[in-house]
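Undergrad: Pasting a structure below so you can have a look.
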Amino acid sequence: ARRTEVNKARRSRVRTFVRKFEEALEAGDLGAARNAFIAAESELMRAVGKGVLHKNTGSRKVSRLAARLRKAQAA
């Protein structure tokens, strides 16, 4: 039960960082989006290291966020 609580908190933290990135992208603020991406990537990889997410899942999510950032920068 304790592990479940810890993992739930970590997963929630990851979602918060990803949401901040998405909000910055939608606002069109590329500088903030870039910083939010770095933070989200770090948080995702940390969750992978802690065993909350599978390695491939973390990599896939980071890859998709990076693709969205590149697309926004190109536009």
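Undergrad: Does segment 19-42 contain at least one residue that is more than 30 Å from Ala75 (Cβ to Cβ) and of a type in the set (A, V, I, L, M, F, W, C)? Talk me through it step by step, then tell me what you get.
TA: The first filter runs over segment 19-42 and keeps only residues more than 30 Å from Ala75 (Cβ to Cβ), leaving none.
Within segment 19-42, not a single residue is more than 30 Å from Ala75 (Cβ to Cβ) and of a type in the set (A, V, I, L, M, F, W, C).
Yes/no matrix, rows are residues, columns are (1) open to solvent by 100 Å² or more (accessible area, probe 1.4 Å); (2) charged (D, E, K, R):
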residue	(1), (2)
Arg3	yes, yes
Arg10	no, yes
Phe21	no, no
Glu26	yes, yes
Gly31	no, no
Ala36	no, no
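The values are calculated or read from the model by the stated rules, or taken from the named source; none is laboratory data. Every value quoted in this text rests on a predicted model; they were computed, and no experiment measured them. Backbone-built Cβ (ideal geometry, glycine too); neighbour counts: all protein chains shown. Just so you know, the surface numbers come from the protein's heavy atoms only, side chains and all, with ligands and any DNA or RNA stripped out. Shrake-Rupley method; radii C 1.70, N 1.55, O 1.52, S 1.80 Å.
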